[in-house]
Amino acid sequence: FGVAGKVGSFVDKEGIIKNVGLENVKISSTGNYVGGLIGENWGIVSKCYSTGSVSGNNQVGGLIGVNVGTVSNSYSTGFVDGNNGVGGLIGANDKWGSVSNSYSIGFVNGKDGLGGLIGVNAGTVYNSYSTGSVNGNSLVGGLIGHNVGRYYIGYDYTGTVSNCYSTGSVSGNNQVGGLIGRNDWGAVYNCYSTGSVNGNNLVGGLIGYNYEGSVSKCYSTGSVSGNNQVGGLIGANRGSVLNSFWDIQT
């Protein structure tokens, strides 16, 4: 079911979805805003889950396509496939969106802006994790593909990620990271990644490309391979990095 081209329900600002789960979903769409449970959320989602497979075009998530509201204590498992903005739990988390105490397990595949938990994040994410593998082209991360904070292309975003981790393997071409593919002006605090990372350009065990972002109290322990601008912690950095390290486990 869908509203205005969105696959999954539309939840408005006064809506509350709680203790709801969908199992073995099989959703295939050529549209945008595609989610295993909700296409677009502006309300409150708590203690919800979805399992199965979800595929679509842009803003595709195992649980929610686009989140502008609050998501907590929720999870998704299975396979998620799309084009841009694809995440194991949420395709895109808007600047007003908040995600906490949630996780995703499964495989994420697509083109650009792919994350094990969230494809593109402009809001707040904390106390959350992902364990599935992620495969794509650019802006590919074990937790978040593209994290956008403060100011980007004329818009004021949040882009805050704290107390989060990812453990799945990550592969892509450009701006590939064990935790985050690219961090633009965002704040990443007390996070880590342990999965292997493989890419071509701007490849990092934690973050592929940190552009004017802040990273503190973070680490990565996975193997990292690539061709240009490759780092155990960060592939290329134009921001602030404090009290962080890479320590590969053998």
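Checking the condition crowded, with 19+ Cβ neighbours inside 10 Å and either within 19 Å of Asn93 (Cβ to Cβ) or acidic (Asp, Glu) (or both), which residue from Cys218, Cys164 passes?
Selected residue: Cys164, the only one of Cys218, Cys164 that is crowded, with 19+ Cβ neighbours inside 10 Å and either within 19 Å of Asn93 (Cβ to Cβ) or acidic (Asp, Glu) (or both).
Can you tell me how many residues in the stretch 28-48 are part of a strand (DSSP E or B), open to solvent by 40 Å² or more (accessible area, probe 1.4 Å) and modelled with pLDDT of 95 or more?
Of the residues in the stretch 28-48, 1 are part of a strand (DSSP E or B), open to solvent by 40 Å² or more (accessible area, probe 1.4 Å) and modelled with pLDDT of 95 or more.
The rows are residues; the columns are (1) charged (D, E, K, R); (2) modelled with pLDDT under 95.
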| site | (1), (2) |
| --- | --- |
| Asp81 | yes, no |
| Gly88 | no, no |
| Lys95 | yes, yes |
| Gly106 | no, yes |
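Tell me the strands (runs of 3 or more DSSP E) entirely within the stretch 163-250 that contain at least 1 residues that are under 18 Å from the mean Cα position of the chain (by Cα).
Filter on the stretch 163-250 gives 174-177, 180-184, 187-189, 201-204, 207-211, 214-216, 234-237.
Criterion first (buried (at least 24 other Cβ atoms within 10 Å of the Cβ) and over 23 Å from Asn93 (Cβ atoms)) does Val203 satisfy it?
When the stated conditions are applied, Val203 passes them.
Under 6 Å between Cβ atoms, at least 6 apart or on separate chains: pull out the pairs that start in the stretch 183-210 with a residue that is at positive phi and end on any residue that is surrounded by 24 or more Cβ atoms within 10 Å (Cβ to Cβ) and in a strand (DSSP E or B).
Listed by first residue and then by second, the contacts come to Leu202/Gln175; Leu202/Gly208; Leu202/Tyr209; Leu202/Gly235.
Give me the residue from the stretch 177-191 that is surrounded by 24 or more Cβ atoms within 10 Å (Cβ to Cβ) and in contact with a Ser or Thr (Cβ under 8 Å, 6 or more places away or on another chain) and, out of that set, farthest from Ser130 (Cα to Cα).
Per the criteria, the residue is Gly186.
Quick one: what pairs do we get from the stretch 95-111, first residue within 20 Å of Gly181 (Cβ to Cβ) and among the β-branched types (Val, Ile, Thr), second at pLDDT below 95 and not in a loop (DSSP other than H, G, I, E, B), C-beta under 9 Å, 6+ apart or different chains?
Going by the 9 Å Cβ cut-off, the qualifying pairs are Ile105/Gly78.
Pick out the one residue from Gly142, Gly226, Gly159 that is buried (at least 19 other Cβ atoms within 10 Å of the Cβ) and farther than 26 Å from Asn101 by Cβ.
Gly226
Residues are listed down the side, and each one gets a yes or a no for (1) open to solvent by 10 Å² or more (accessible area, probe 1.4 Å); (2) in a loop (DSSP other than H, G, I, E, B):
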site: Gly85; (1), (2): no, no
site: Gly91; (1), (2): no, no
site: Lys95; (1), (2): yes, yes
site: Ile105; (1), (2): yes, no
site: Leu114; (1), (2): no, no
site: Val120; (1), (2): yes, no
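Just a yes or no: is a residue in the stretch 235-243 of a type in the set (Val, Ile, Thr) and more than 20 Å from Ser130 (Cα to Cα)?
The answer is yes; a qualifying residue exists.
Quick check on my filter: what residues within the stretch 125-139 are open to solvent by 40 Å² or more (accessible area, probe 1.4 Å) and β-branched (Val, Ile, Thr)?
Residue satisfying the conditions is Thr131 alone.
Among residues belonging to the stretch 229-249 that are among the β-branched types (Val, Ile, Thr) and closer than 19 Å to Ile144 by Cα, point out the one that is surrounded by the fewest Cβ atoms within 10 Å (Cβ to Cβ).
Filtering first and then ranking leaves Val241.
Among residues belonging to the stretch 49-68 that are touching a Phe, Trp or Tyr at 6+ places or on another chain (Cβ under 8 Å) and under 15 Å from Asn101 (Cβ atoms), point out the one that is surrounded by the most Cβ atoms within 10 Å (Cβ to Cβ).
Leu63
The values are calculated or read from the model by the stated rules, or taken from the named source; none is laboratory data. Remember, predicted model here, so these are calculated numbers, not experimental data. We place every Cβ from the backbone using ideal geometry, glycine too, and count neighbours over all the protein chains shown. Ligands, DNA and RNA are stripped out before the accessible areas are found, and what is left, the full protein with its side chains, is counted by its heavy atoms. Shrake-Rupley method; radii C 1.70, N 1.55, O 1.52, S 1.80 Å.
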